[in-house]
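No lab work stands behind these numbers, since they all come straight from the coordinates. Note that the coordinates shown come from a computational prediction; the quantities given were computed from them, not determined experimentally. Reconstructed Cβ throughout: ideal geometry from the backbone, glycine too, with neighbour counts over all protein chains shown.
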Amino acid sequence: MSDKLRTQEGQPWSDNNHSLTAGERGPVLMQDYELLEKLAHFDRERIPERVVHAKGAGAKGTFKLTHDMSKYTKADLFNGVGKETPMLLRFSQVAGESGYPDTIRDVRGFALKFYTQAGNYDIVGNNTPIFFVNDPLKFPDFIHSQKRDPKTHRRSNEMQFDFWSHSPESVHQVTYLMGDRGNPASYREMNGYGSHTFKWVNADGEPCWVKYHFISEQGVKNMTDEMAAKIASEDTDFLQNDLFDAIESENYPSWKVMVQIIPYEEGFHYKSDIFDVTKVVSHHDYPLIEVGEFTLNENPENYFDEIEEAAFSPANFVPGIEASPDKLLQGRLFSYKDAERYRLGANFEKLPSNRPVVPVKNYERDGFMSSGQDSSVNYEPNSKNGPKEDHTAHIQPYEVAGKADHYQAYDQDFYSQAGDLYNLMSADEQDRLIKTIVTNLGSVHDENIKKLQTEQFYKADPVYGQRVADGLGIKLDLD
Ligand code: HEM
């Protein structure tokens, strides 16, 4: 019975190879229900890809807490040494479409979903601790500059450097991207970062600031541009294949979860703005503290159901973890679920990878593709014993002050940390960085963009900028 072909409605399917025709040489009949259904379903197979981070790969695993964090946060997953929390991780490229080669230089996404006893907690980070812009108003423009030219439909260094050279806050991340870590050897051999500063709150209501670091236990390895170009022509899915094959052969990758904890009041007076995602917080000032470890040990059974339909969101917090005033983060709190309602529909949270492991009880109902609802009371207030508010999720109240306005970033020093990053690199890495920049910026036609961008590097560090200028053969008239 089970091996017999059935339609979506369960009816026996008589012929899957020959359409129903009017006579042996005649036209196909409208009456061919199986044919029409099969074509109609096929016509609807593709859904919108993610507007960014469209190409990616994911796997399931477990997070194990090795150090109790209850002093800092009441979040379920970080309380009680030894606690294990199931999780999903999706790695991705940012700019390319879903079929784009994996080894093109780009930031890599590092999105985690923890299925905690207090609901889903997501950290939607990257393999870089910083980002290109710090205001959500600039994000769509930034992404347009990374995607394809509206006329030629090509990706264009001209567009990318035009945006970056006019956005000084990006120079730190551009330095990171053009450096060795801009092209990881595998998803397994790169670190991940929450990038933003978040707020942790303990059971006594005491807040602190936290930054997440996920340190690869496989070590950090990168590939040169030459290797990347060779691989791109041989295996467009190189990073995806490496992850899948490692897990399939039980070579499970793992990462240490570390945090930087910044005392609440101190955070407002740190030497750089901790709410500006273009900046890092020094490990000397706030050292990494070990929290736990996660291991990926299960490939998806079905890529589309479990990875393509996975929906991560920086707005998925659990009690004990809250947003910070980081403007970029605040914009992200809206954008992800909005994109997912468009990409997957109003009931995307009921799809397998998005469903929490704890019951869902609220007054939201119906919508496209709803199923499995009970008929319990669907309004509040009610006298029908409907679910009540859970005040464990009450945010830690905090002061806000000042005049509503469109403010510039509080900290306008976008250069010193980019210069520090350049100086942290070995001489070899600096050479490769300059070569990569000169190759990419060198392909830009507009001399003004080249000059503006080189000035950004010069302001980060005069030696850095001068080396780029020499490589490009341009003269800077700064000092
Ligand atoms: C205002 C700034 C940003 C906006 C508006 C934004 C918006 C988006 C949107 C709409 C998606 C697609 C979501 C989906 O369809 O499921 C996405 C994906 C993603 N974003 Fe952002 N983003 C921003 C900044 C960032 C930053 C700063 C990071 C990292 C620190 C980041 C990391 C990611 C990752 C990793 C994904 C892919 C998630 C997955 O694997 O499904 N984004 N972003």
Worksheet item: With helices defined as uninterrupted DSSP H runs, which ones in the chain have an alpha carbon span along their own long axis of at least 18 Å and mean Kyte-Doolittle hydropathy of at least -0.5?
Response: 427-442
Fill in: Length added when fully stretched, LEU137-GLU97, from 0.36 nm per residue minus Cα-Cα
12.1 nm
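If you take the beta carbon distance between ASN448 and GLU250 as r and set R0 to 51 Å, what does 1/(1 + (r/R0)^6) give as a FRET efficiency, to the nearest 0.05?
The value I calculate is 0.40.
With all distinct Cα pairs included, what does the Kirkwood hydrodynamic radius of region 1-45 come out to in Å, to one decimal, could you say?
Values: mean 1/r = 0.0857 Å⁻¹.
Computed over region 1-45, the radius equals 11.7 Å.
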Worksheet item: Give or take rounding to whole Å, what are the principal axis extents of the alpha carbon atoms in region 345-405, in descending order?
Response: 48, 32, 23
Worksheet item: Gain in length, TYR303 to LYS4, computed as 0.36 nm per residue apart minus the alpha-carbon separation, to one decimal in nm?
Response: 105.1 nm
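Would you kindly state how much longer the chain becomes between TYR407 and ASN241 on full extension, computed as 0.36 nm times their sequence separation minus their alpha carbon distance, in nm to one decimal?
Full-extension gain reported as 55.3 nm.
For region 416-472, what value does the Rg/Rh ratio take when both radii are computed over Cα atoms and Rh is the Kirkwood radius, given to two decimals?
Expressed as Rg/Rh, it is 0.96.
Kindly rank 15-26, 335-346, 319-330, 395-406 from highest to lowest mean number of other beta carbons found within 10 Å of each residue. Each step should come with its number before you reach the end.
Working: 15-26: 9.1, 335-346: 16.3, 319-330: 20.1, 395-406: 7.1.
Ranked by mean Cβ neighbours within 10 Å, highest first: 319-330, 335-346, 15-26, 395-406.
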Worksheet item: Measuring from centroid to centroid over Cα atoms, what is the spacing of region 383-424 and region 112-143 in Å?
Response: 13 Å
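Which of the GluC sites (Glu not before Pro) found in region 70-176 are in a DSSP loop and have at most 12 neighbouring Cβ atoms, other than their own, within 10 Å? Before the final figure, lay out each step's value.
Numbers: sites: GLU84, GLU97, GLU158, GLU169; in loops: GLU97.
Passing both the DSSP loop test and the Cβ count: GLU97.
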Item to complete: Normalising by the residue count of region 179-317, find the relative contact order in percent from Cα pairs under 8 Å and 6+ residues apart.
Response: 25 percent
Discussion item. Taking 8 Å as the Cα distance limit and 6 or more residues as the minimum spacing, I'd like the relative contact order of the chain as a percentage.
Written reply: 17 percent
Practice prompt. List, largest first, the extents of the alpha carbons of the chain along their principal axes, each in whole Å.
Written response: 84, 66, 48
Worksheet, complete the sentence: With a Förster distance of 30 angstrom and the Cβ-Cβ distance between ASP366 and THR392, calculated FRET efficiency to the nearest 0.05 equals 0.60
Item to complete: Assuming 1.567 mPa s and 4 °C, estimate D for region 244-296 with Stokes-Einstein, Rh taken as the Kirkwood radius over Cα pairs, in µm²/s.
Response: 95 µm²/s
Worksheet item: Hey, rough spin-label estimate for ASN382 and ASP470, points 7 angstrom out along Cα→Cβ, what's it come to in nanometres?
Response: 7.4 nm
Discussion item. Which one, LEU333, ASN202, VAL171, projects farthest toward the positive side of the charge dipole computed for the chain from Cβ point charges (K/R +1, D/E -1)?
Written reply: LEU333
Practice prompt. Starting from the Cα of LYS64, draw a straight line to each of the aspartates and glutamates and keep only those under 13 Å, dropping any in the same chain fewer than 8 residues away.
Written response: ASP76, GLU84, GLU290, GLU293
Practice prompt. Compute the distance in nm between two label points, each set 7 Å from the Cα along the Cα-to-Cβ direction, one at LYS221 and one at THR152.
Written response: 3.5 nm
Discussion item. If packing is taken as the average number of other Cβ atoms within 10 Å across a peptide's residues, how do 288-295, 232-239, 131-138 rank, most packed first?
Written reply: 131-138, 288-295, 232-239
Item to complete: Note down the relative contact order for region 416-472 as a percent, whole number, built from C-alpha pairs under 8 angstrom at least six residues apart.
Response: 45 percent
Worksheet item: Taking θ as phi - 60°, what are the ³J(HN,Hα) couplings along region 87-102 by the Karplus curve (6.51, -1.76, 1.60), each to the nearest whole Hz, with x for Gly and Pro?
Response: 8, 10, 10, 10, 9, 7, 9, 8, 8, x, 6, 5, x, 5, x, 5
Item to complete: Beyond 18 Å between alpha-carbons counts as too far, so tell me which of LYS113/LYS337; LYS211/LYS256; LYS147/LYS337; LYS113/LYS388; LYS327/LYS403; LYS74/LYS211 fall in that bin.
Response: LYS147/LYS337; LYS113/LYS388
